[in-house]
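The values are calculated or read from the model by the stated rules, or taken from the named source; none is laboratory data. All values derive from a computational prediction rather than experimental measurement. Here the Cβ is made from the backbone with ideal geometry for all residues, glycine too, and neighbour counts use every protein chain on show. Please note that ligands, DNA and RNA were not included when accessible areas were found on the heavy atoms of the full protein model with its side chains. Shrake-Rupley method; radii C 1.70, N 1.55, O 1.52, S 1.80 Å.
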Amino acid sequence: MSLSQEVIILSDPKLLEKVDKLRDLSISQLVPLPQLVVVGDQSSGKSSLLESLTGIPFPRDQSLCTRYATQITSSRDSNERVDIRITPGPHASEEHKKHVEGFYEKVNSGSQFREQFLDILKKANERMGLRADVSTGDGTVFSEDVLKIEIHGPREDYLTIIDVPGIFRTTTQGTTKNDMDIVMDLVKTYIKDSRTIILAVLPSNVDIATQEILELAKYYDKNGERTLGVLTKPDLVLEPSAQAAVCDLIQGKKRPLNLGYFLVRNRGANSGPEKQSELDQIFRKDPWANLPRDRVGIIALKEQLTSLLVEITKREFPKLMRDIRNKIRECKRDLNDLGPSRHDEREQRIFLSQIAGTFHDRTRAALTADYNADPAFDQDELRLITHVVNITDIFSADFRESAHSRHFEKLGLDDPSAKADVVVDCDSKAESIVNDLRELLEKAKVDDVTPEELVELDDIIAPDKIPMPKPCDNFSAWINAVYLRSRGLDLGTFNANFLTTAFAEQSRKWGDMTKIYMSRVIITIHRFIAAALRSVCSEEQVRSQLWTSIQEGLVKGYKTAMDQARILVEVEQRKQPYTLNKQFAEARSKALGYRVTELLYPKARKDTSQYGETQYMVNLDDIAKATEGKHNVEKLQEDIHDILQAYYGLATYRFIDNVFQLAVDYCLLHGPSSPLKVFTQDWVIKLEAQQLEGIAGETKSAKRCRSKLKKKIEDLTNALTILET
Ligand code: GDP
Ligand code: MG
């Protein structure tokens, strides 16, 4: 620190060179500086000692006594410069913080600084809001703010020196208990640090037993590895017994300290401009002349300090290495988080292609319900095929329950032999499953489309709520009315067009119900793709660009599926009802059977078989007459009903199957035009360079961040090499 030529502190040249090199690597904040702190009672001579050691004129004037910590950091630099700032204390108000942080002074050289130091202190006092006069006036006496002075110069050492206020035990005029605590806390903060050398300053003319600073230092420096006792004011000890007590301390006969005591003489209140060497003449006289030479005078103290500082710096090196290794790890992790570098087209294509590959894997797993493939599948939205199957089950149940405009007659329910109980039981089980599925659907909020989704899928999905009337019961009245309005010269037969019209009317809701189903599936797929992208691409910027780029392809896929579903509805409704399915004939015969049974039922005789079962017996004559009473029209209407019912039942199953197979499974899930196949590696390969840059190019800030991290890792690695050699 000192510019005085007598001794340069921290003069181990090898160590200095090492620290120099480390500091050049822009990791200066990591390299710990040893620090020197003077502690002791008020007026024990702390500031004077620092002045003797460094040549910096710390104020000794009573009114300017040390009232906050002054931290002077010096470091080696080819340019001379001194910066002075204030760091607000830990309890400062926002307003005070702003105020003191605005303080900045600059001096061009160390020697100028030494001249202007007192003025600078006065300005800092004012800025911190300290009382001009300790005993009266506005403002506080002590401050937790720290005055920080950074001295750079070609001949400076790496060292921090701290002057702290003196400890006091009784409140005097103007000071409070709070002030005592502030000072105590300040002192403790500094002496706690293992890098700190504690200079415990004790005036020789005061009984050492009254000085609690030694206790305090021992508390934080248990082994006494960094505490030096410094006795001041030897010139003021005149009594022989007091002089003997001081000698005992120095010679280690009393209250020994691991690193021992030094006796130094500073400038007194009435001193003139004597040189240090002149002041030190006192040690040639009795009783001090008998003391060991390496224990008296500033030069001896400096020598001891030098070796201590070197030792401490060296001791800090392993910790520094650990810190550097941690930092390297941190930087590497950050670099990793940034993903691979995407500087040129090739890197960008590789980067995006990798994402597409992972997306493909995830989609494949989602389509086969292979949810153990990746922990990402804990996320509900990614369980694609399960959602689609559930939605389809609900669609199928809803469709069979209420897609028809009018209920058909319940033929044969009056049949006493029908095993009604079993049927009801099966139905209720299926119904409860469907209800569970409905609950799931509700939770997944498939019908609550977000505003963003609405923008993306606006003209594709069904509008918010399509009213879906329940089937009505007036089937015969309706068929009667339609028949009477459109009959021709029918003689026991009816026009095939009539059946087409009737079927179209009976299936009027199919279009809307299908659209709702398709919308649900499309939203589910849309959400899946968004979630899958989130899970494979963590970078927000890339993801949103990618999302925008594939939007057109997705919408095209959804549209194709919707169109397909629409065609299927149209095919069912426009064409003449026809089927090759054998079950159609079976269903018709069954209906006929029921009708005859119904007619005969009133004429049947109840009987009991030899096994005890109830049997119904009819006359053959009755069978022949059974249909006699029916009017031609009535008979025709019955036929129409039965044909329509048989056909409708078959058409429903066929339709549900077709919608799932052709519109959902083929168009949306597995077919070549599926929206799940928009974002593929193939797509990435075909991207124009400019589009690629738009999606996968790094932002300026990411580029900057990457190169900064790389430089930092390089610096840190070099620092490690320096430390290891
Ligand atoms: P601090 O409060 O501990 O910082 O003490 P100061 O350094 O301000 O010193 C208090 C007073 O003691 C000042 O007037 C100093 O000049 C004086 N002083 C400090 N050291 C010595 C010394 O070795 N001899 C004499 N005679 N006076 C000293
Ligand atoms: Mg002082």
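Estimated at 0.36 nm per residue, the fully extended path between ARG605 and LYS708 surpasses their Cα-Cα distance by 27.0 nm. Scaled against 2.2 N^0.38 Å for its residue count N, the alpha carbon radius of gyration of the chain is 1.80.
Residue-wise HN-Hα couplings along segment 676-686, as the Karplus relation 6.51 cos²θ - 1.76 cosθ + 1.60 with θ = phi - 60° gives them from phi, are 5, 10, 7, 8, 10, 4, 4, 4, 5, 4, 7 Hz; Gly and Pro carry x.
For segment 684-708 versus segment 70-89, the spacing of their alpha-carbon centroids is 42 Å. Spin-label model, GLU505 to SER544: label points 7 Å out along the Cα-to-beta-carbon direction sit 5.6 nm apart.
Membrane-span-like helices in the chain (whole DSSP H runs, Cα extent of at least 24 Å along the helix axis, mean Kyte-Doolittle hydropathy of at least 0.0): 384-402, 510-536. Summary of the geometry: segment 578-630 and segment 298-367, compared by the centres of their Cα atoms, lie 88 Å apart.
Note on segment 48-157: the C-alpha convex hull projects to 7.0 nm² when averaged across all orientations.
Using a simple spin-label model with pseudo-atoms 7 Å out from Cα toward Cβ, ILE685 and ASP235 lie 9.2 nm apart. Per-residue ellipticity at 222 nm from helix content only, as computed over the chain with -39500 (n - 2.57) for each DSSP H run of at least four residues, stands at -17500 deg cm²/dmol. Using only alpha-carbon positions in segment 325-411, the gyration tensor eigenvalues give semi-axes of 50, 16, 10 Å once each is multiplied by 5 and square-rooted (largest first).
Probe radius 1.4 Å, ligands and nucleic acids ignored: give me the carbon and sulfur share of the accessible area of segment 149-263 as a rounded percent.
Accessible surface attributable to carbon and sulfur in segment 149-263 totals 51 percent.
Note on LEU620 and ILE567: their simple-model spin labels are 5.7 nm apart, each label 7 Å out from Cα toward Cβ. Ignoring the sites themselves, the chain has its longest run without chymotrypsin sites (Phe, Trp or Tyr not before Pro) in a DSSP loop having at most 12 other Cβ atoms within 10 Å at 1-577.
So, with a 1.4 angstrom probe, what is the percent of accessible area on segment 623-662 that is carbon and sulfur?
Answer for segment 623-662: carbon and sulfur cover 54 percent of the accessible area.
Are there GluC sites (Glu not before Pro) in segment 570-617 that DSSP puts in a loop and that have at most 16 other Cβ atoms within 10 Å, and which ones?
Values: sites: GLU570, GLU572, GLU586, GLU598, GLU613; in loops: GLU613.
Listed in order of number, the matching sites are GLU613.
Roll a 1.4 angstrom probe over the protein heavy atoms and tell me the percent of accessible area of segment 432-504 that is carbon or sulfur.
For segment 432-504, the apolar C and S fraction of the accessible surface comes to 57 percent.
Subtracting the Cα-Cα distance from 0.36 nm times the residue separation, let me have the gained length for GLU101 to THR717 in nm, one decimal. Residue separation times 0.36 nm, minus the Cα-Cα distance, leaves 218.3 nm. Computing FRET efficiency as 1/(1 + (r/R0)^6) for GLU453 and LYS582, where r is the C-beta to C-beta distance and R0 is 45 Å, gives about 0.50.
Taking all protein chains into account, the per residue accessible area for the chain stands at 53 Å² (1.4 Å probe). Applying the criteria of a DSSP loop state and at most 13 other Cβ atoms within 10 Å to the trypsin sites (Lys or Arg not before Pro) of segment 158-223 yields ARG169, LYS222. Available extension along the chain between THR172 and ASN326 is 50.5 nm, counting 0.36 nm per residue and deducting the alpha carbon span. At a Förster radius of 60 Å, what calculated FRET efficiency corresponds to the Cβ-Cβ distance of SER589 and ARG534, to the nearest 0.05? So, using R0 = 60 Å, E works out to roughly 0.55. Contact order, relative form, for segment 91-243: 15 percent (alpha carbon pairs under 8 Å, 6 or more residues apart, mean separation divided by residue count). Electrostatic tally near ARG342: other residues with Cβ closer than 11 Å to its Cβ, Lys and Arg +1, Asp and Glu -1, net -2. With contacts taken as Cα pairs under 8 Å at a separation of at least 6 residues, the chain carries a relative contact order of 14 percent.
Mean separation of Cα pairs under 8 Å and 6 or more residues apart, divided by the residue count, gives segment 62-181 a relative contact order of 46 percent.
Using the alpha carbons alone, the radius of gyration of segment 140-230 stands to its Kirkwood radius in an Rg to Rh ratio of 1.00. A Förster radius of 41 Å, combined with the Cβ-Cβ distance separating LYS14 from GLU278, puts the computed FRET efficiency at roughly 0.75. Rounded to the nearest 10 square angstrom, ARG364 shows an accessible area of 110 square angstrom against a 1.4 Å probe.
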